[in-house]
Structures are given as structure tokens and as C-alpha cells.
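K.L.:
This is the structure I have questions about; it appears just below.
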Amino acid sequence: MKLAFLLVSALGAALFFGTLNPKQTLPPPAPSGQDIRVLLSYQPGAASFEAKYLFPTLRLLPLGGSVQVSSGPDRANLRPVVTVFADKPLTFTPQNNRLVATFEGLTFALEGVVQLKPADPAQPVLYRLPNRMSEYPGELWLELRSNGLLVVNQVDYQDYLKGVLPSEMPPHFHPEALKAQAVAARTYALVRQQADTYWKQFGADVDDSSSEQVYNQTRRHPATDAAVEATRNQILTFEGRPIQSFFFSTSPGATASIEEVWMDRPPAPYLKGLSQTNPIRVSIESETEALAFFQNWNPEGFYDAPSPFWRWKLRLSREELEALLSRTLPERARRAPQFVQTPEGPLSPDAPGFELGTLQKIAVLKRTTGGYVTALEIQTSTGRYVVQRESHIRSLLRPDKAFTGRADVLLELWQGGPRLNFPSLPSAAFALQEERDERGNLLGLTFWGGGFGHGVGMSQYGALGLARRGYGYREILEHFYPGTTLTTLSTGDKR
């Protein structure tokens, strides 16, 4: 999730509620400890897991106190190897199925798992990695894999959130919006840590990218640090349980219900589609209404209008669309076959020998009343194909010359300069305007759209808009997650 799309704490005590409904149950105790484990990315934008997360070698600079280096065959069997001083480079390199550490011309043989932690708990250490905006506090865990190193940052919850907040919301946003973001981020992390997530197999609870919450991609800032401190220990609960506090950048004028956007997930009473406008209400019933809605570039009354992505537009010729879909449709079919169907045509897009043919029409089959497309049909001379779910629709229609094969693709925004070759469609909230010749052949399509992100939960620019209208962070959270309770964890906890 990025404004820009996701506990190891001993809660040994109960939670304190402002008011306690007799039907509510208290959230379960969190696991022991007060840290969270974050899998660090090597190349955040890479397509494959190996390219994204495996470090071929790790060179870092410890700052602060001395570092104790321990190693062993697994996390449960470590032994201290060496203590190194701060302010000197330390390098770890895979070598003959083992790890080797190099420090000040000395070499140390290590096993497959390495822990780096402060030699003296009273002297914390920050780790500076090459080409990173921020230093990493806490501990680092290294694990040797066949093609490189996995690196996990085990970090105090407050420090983690102070690394998340400026990476997810600009520090110049209104303080009440920042506080709302801090509560949402803390709640999100708690739920993900308690869940059996994909990252657990790598010794982590979350990763540091928009797959979960972006962490340490922007330097810490006093304003975001203050928001984390001001909301210390506060999370959102529903019927006594921490909620799925999804958030995203910008709505076009409405959010979406979770089951509409991600049809494989169950409904949640606090994640319902809501209008983000005043005084009007968004209720789109037809494609004609959708086109008129997205062609309205008058920001009056829209909470998310401060965002440059509140409205956007994109034109692609038929030839560009054919080049694009010839690549992305088979790729989506291979990656998520359950969301790509072939009602007509001899070959599914992921079959050998598939050819797209001549594009005849792209049509919206289904959308939410707030404007988000949830099913899209592609008609060509070789068949008819249906793509579902917002993430696949956005990845299908990538406005990038790397996929269209022609000139730079221009994404026009309602304010600010245009963006060239955007990596995916900003959102699945759009309507289509066709261009055809006198014979009825398709010449191109203009996408009139709005918003940035999946559309579920809290819109970050909407939070800014509400804060500017005088809403406090509690009211902002109540607006986006109706029916939830702002809950305070026990005072002994560090979240």
C-alpha cells in the first residue's frame, strides 16, 4: 500500500475500551515480544521473488554501538562469532554454500543463518544499506539461499511505524490525517503479524513494499514521528477484534466494498463502499452515467480532490491496445487463470499458439456503484475474453510504451504535469470512450478515470480532505471504517 496497496508483542493484559459493548470480545493476546519482522527488498520493483528479495551480497555500515555477529544452522542454534565496531563497513558474501563476513581486512566463516544485534543493549545500532533512504534500527537476520541472501529487519513496533508513516503518507499532510494513517498502519501490522502470512516461511511477518506496507523508503520526519507517538497503542477493532484496516491513495469520489473488489474475500461490515463527496452522493447505474462522472473534472465537494490522481485520462490507439493486450492478456491468464476466462474462442490466452487478432471492442461488464470496474470484456477477431478483479484489470491495461511498442504513453492528470509510461492503470475506476471510422472499425479508446489504488478502506487523500474540513483523526477513522472502535492496548505495550 503506498500513497503511492498490507505482533510479536507480549500483550499479556486486557485492552481498554472507551465503551465496552457486552457482545464484544477482547482481541486475543498477541505473541510474545514487542518487535515486528520485516523482509527487506533488494530490488523493490522486480517481477520475480528472487530478483526482488535476494541480495547477491550485503554490504552495510553499522552506526552507533558495536555489533555482535552470531551464526548457526538455524535461528534456534546460534553462537556468537565476533563483535565488530561501528562506523566500519561490514560485508556478507555467499561462498561455497556458506556465508563469509569481511570486516577491516579480516574474514570470518559463518553458517547459513546470521544475527546482527547491538553488543550492548544500552547502545542501539542503526544499519545503513547502500542506496537506501533510511537506516534500519533493531536487529538484522540473514539467511543463505541458493541464489543469495534473505534479509529480515526485526524492529521495535514504534520504530517500524515511524519508518512506515512517511513512506505511506507525505509528512506535510494535515496532522489529523497523519494520526489516522498511524492507527490504520498499526492495526494493519498487528493483523498481518497474527495471521499465517506468506512471509512467515522466510522468518518475517510482512515485507517492506506495497505488497504490505511500504517501510523505510522515505526518511523519518518529525511530523510523522509525532503522529505515531500521539496514537501510541491505539488500534481499530470491530466486535473486539482488530480489523483489516486496508487503505489506498485516492478515491474518485467513492470507496468500494471489499467483496466487490476482491471477490474471493468475504464481506466486512466496516469495509463497505461509501461516497467521498459532500453534498452529492455517488451512485453509478449505467455506462453513460460512468462516463459523465469521470468526465467531470470539477473538484467541488470531492474529499480526494487534493490528489493529482483524483481525475486522469489516457488515450490508446487500436494498434497500441493490440500490442499491449498481446502481452498482458496471456501473462494474466498464466498468473491468475481463475480470473481470466474465454467464453468464445479456440484457445485460452495462456495456450501455445494463442494470437490476439484484431481488437474489436473493450467493454465493462460489471462495476461498483462507486465506479470501480470489476469485470472487463475484450472482443477480438479470435475470441472473447473476460478479466476480473481490479489488480488484474490494472495490470492488463498498462499505459507504458514497453508494452504498447510505440511512442511514450501519456497519462494526463487533472492537476500537475502528465506522467509518461505509468507502470499500471492508476485504478480500476474508469469509463471508456470509443473512436471508430465510418465503417465502424475501432480506431482507439480514451480511458476517463479517477483515483489511485484498490479502493478498499481509507483513502489517504480523502483523509487529508476531511482533516482540512475540520475532522479529527477519530472522526476520519469512523468515517472510513464505520462501526469500529478506537481501542487502546495495555500501557505496557510498545506499539
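K.L.:
Return the only residue of V84, V113 being more than 16 Å from L142 (Cα to Cα) and open to solvent by less than 20 Å² (accessible area, probe 1.4 Å).
P.N.:
V84
K.L.:
Further question: Under 8 Å between Cβ atoms, which residue pairs at least 6 apart in sequence (or on different chains) link something in the stretch 210-228 that is farther than 12 Å from M133 by Cα with a partner that is open to solvent by 10 Å² or more (accessible area, probe 1.4 Å) and among the hydrophobic types (A, V, I, L, M, F, W, C)?
P.N.:
These pairs meet every condition: S210/A4; S210/F5; E212/W199; V214/A4.
K.L.:
Considering each residue of the stretch 464-491, count those that are part of a loop (DSSP other than H, G, I, E, B), closer than 21 Å to H174 by Cα and open to solvent by 30 Å² or more (accessible area, probe 1.4 Å), and give that number.
P.N.:
Matching residues across the stretch 464-491 total 3.
K.L.:
Sticking with this structure for a sec: Determine whether the stretch 386-408 contains at least one residue that is under 15 Å from G450 (Cα atoms) and in contact with a Lys or Arg (Cβ under 7 Å, 6 or more places away or on another chain).
P.N.:
Checking the stretch 386-408: not a single residue is under 15 Å from G450 (Cα atoms) and in contact with a Lys or Arg (Cβ under 7 Å, 6 or more places away or on another chain).
K.L.:
Looking only at the stretch 191-213, filter to residues that are among the small types (G, A, S) and under 15 Å from the mean Cα position of the chain (by Cα); which one of those is least open to solvent (accessible area, probe 1.4 Å)?
P.N.:
Applying the filter and picking the extreme gives S209.
K.L.:
If you take the residues in the stretch 181-222 that are hydroxyl-bearing (S, T, Y) and part of a helix (DSSP H, G or I), which one is farthest from V114 (Cα to Cα)?
P.N.:
Only one residue fits best here, namely T187.
K.L.:
Something else now. Which ones in the stretch 221-239 are surrounded by fewer than 21 Cβ atoms within 10 Å (Cβ to Cβ), touching a helix residue (DSSP H, G or I) at 6+ places or on another chain (Cβ under 6 Å) and under 11 Å from Q158 (Cβ atoms)?
P.N.:
D225
K.L.:
Please verify whether the stretch 127-148 includes one or more residues that are open to solvent by 50 Å² or more (accessible area, probe 1.4 Å), outside any strand (DSSP E or B), closer than 23 Å to K200 by Cα and modelled with pLDDT under 95.
P.N.:
Among the residues of the stretch 127-148, at least one is open to solvent by 50 Å² or more (accessible area, probe 1.4 Å), outside any strand (DSSP E or B), closer than 23 Å to K200 by Cα and modelled with pLDDT under 95, which makes the answer yes.
K.L.:
Out of the stretch 221-266, which residues are more than 26 Å from S307 (Cβ to Cβ) and among the charged types (D, E, K, R)?
P.N.:
E229, R232, E239, R241, D264
Yes/no matrix, rows are residues, columns are (1) touching a helix residue (DSSP H, G or I) at 6+ places or on another chain (Cβ under 9 Å); (2) among the small types (G, A, S); (3) under 26 Å from A290 (Cβ atoms):
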{"position": "T328", "(1), (2), (3)": "yes, no, yes"}
{"position": "L347", "(1), (2), (3)": "no, no, no"}
{"position": "A351", "(1), (2), (3)": "yes, yes, no"}
{"position": "G370", "(1), (2), (3)": "yes, yes, yes"}
{"position": "A375", "(1), (2), (3)": "yes, yes, yes"}
{"position": "S381", "(1), (2), (3)": "no, yes, no"}
{"position": "Q415", "(1), (2), (3)": "no, no, yes"}
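K.L.:
Given (1) open to solvent by less than 40 Å² (accessible area, probe 1.4 Å); (2) assigned to a helix (DSSP H, G or I); (3) farther than 30 Å from Y471 by Cβ; (4) not hydrophobic (A, V, I, L, M, F, W, C), where does N153 come up short, assuming only one miss?
P.N.:
That leaves (2) as the condition not met.
K.L.:
Scan the stretch 133-182 residue by residue and report those that are among the basic types (K, R) and out of contact with any Lys or Arg (no Cβ under 7 Å at 6 or more places or on another chain).
P.N.:
Passing the criteria: R145, K179.
K.L.:
Being open to solvent by 60 Å² or more (accessible area, probe 1.4 Å) and out of contact with any Pro (no Cβ under 6 Å at 6 or more places or on another chain) is true for just one of E412, E438. Which residue is that?
P.N.:
E438
K.L.:
For R367, all conditions in the list (1) under 28 Å from E285 (Cα atoms); (2) charged (D, E, K, R); (3) surrounded by fewer than 17 Cβ atoms within 10 Å (Cβ to Cβ) hold save one; what is the number of the exception?
P.N.:
Here R367 clears every test but (3).
K.L.:
Ok, one more. Please go through the stretch 270-292 and pick out each residue that is open to solvent by less than 50 Å² (accessible area, probe 1.4 Å) and not in a loop (DSSP other than H, G, I, E, B).
P.N.:
Hits for the stretch 270-292 are S275, T277, A290, L291.
K.L.:
Run R334 past the list (1) modelled with pLDDT of 95 or more; (2) of a type in the set (D, E, K, R); (3) surrounded by fewer than 17 Cβ atoms within 10 Å (Cβ to Cβ); (4) not in a helix (DSSP H, G or I) and report the number of the one that doesn't hold.
P.N.:
Of (1) modelled with pLDDT of 95 or more; (2) of a type in the set (D, E, K, R); (3) surrounded by fewer than 17 Cβ atoms within 10 Å (Cβ to Cβ); (4) not in a helix (DSSP H, G or I), only one is false for R334: (4).
K.L.:
Of these, P266, P308, which one is closer than 26 Å to R192 by Cβ, open to solvent by 20 Å² or more (accessible area, probe 1.4 Å) and either hydrophobic (A, V, I, L, M, F, W, C) or in a loop (DSSP other than H, G, I, E, B) (or both)?
P.N.:
P266
K.L.:
Further question on the same structure: Which one is most open to solvent (accessible area, probe 1.4 Å) among residues in the stretch 168-180 that are assigned to a helix (DSSP H, G or I) and either modelled with pLDDT under 95 or under 10 Å from L464 (Cα atoms) (or both)?
P.N.:
P175
K.L.:
Please go through the stretch 462-483 and pick out each residue that is touching a Ser or Thr at 6+ places or on another chain (Cβ under 8 Å) and small (G, A, S).
P.N.:
Of everything in the stretch 462-483, just one residue is touching a Ser or Thr at 6+ places or on another chain (Cβ under 8 Å) and small (G, A, S), namely G462.
K.L.:
Still on this model: Please state which of the following conditions R327 fails to meet, knowing it meets all the rest: (1) open to solvent by 50 Å² or more (accessible area, probe 1.4 Å); (2) more than 32 Å from the chain's Cα centre (by Cα); (3) within 25 Å of E412 (Cα to Cα).
P.N.:
(2)
K.L.:
If you scan the stretch 79-99, which residues turn out to be hydrophobic (A, V, I, L, M, F, W, C) and under 34 Å from the mean Cα position of the chain (by Cα)?
P.N.:
Those that are hydrophobic (A, V, I, L, M, F, W, C) and under 34 Å from the mean Cα position of the chain (by Cα): A86, L90, F92, L99.
K.L.:
Scanning the stretch 94-105 for residues that are in a strand (DSSP E or B) and in contact with a strand residue (DSSP E or B) (Cβ under 8 Å, 6 or more places away or on another chain), which turns out surrounded by the fewest Cβ atoms within 10 Å (Cβ to Cβ)?
P.N.:
That would be R98.
The values are calculated or read from the model by the stated rules, or taken from the named source; none is laboratory data. What you are looking at is a predicted structure, and each value in this text was computed from that prediction instead of being measured. We place every Cβ from the backbone using ideal geometry, glycine too, and count neighbours over all the protein chains shown. All accessible areas refer to the heavy atoms of the entire protein, side chains included, with ligands and DNA or RNA removed. Shrake-Rupley method; radii C 1.70, N 1.55, O 1.52, S 1.80 Å.
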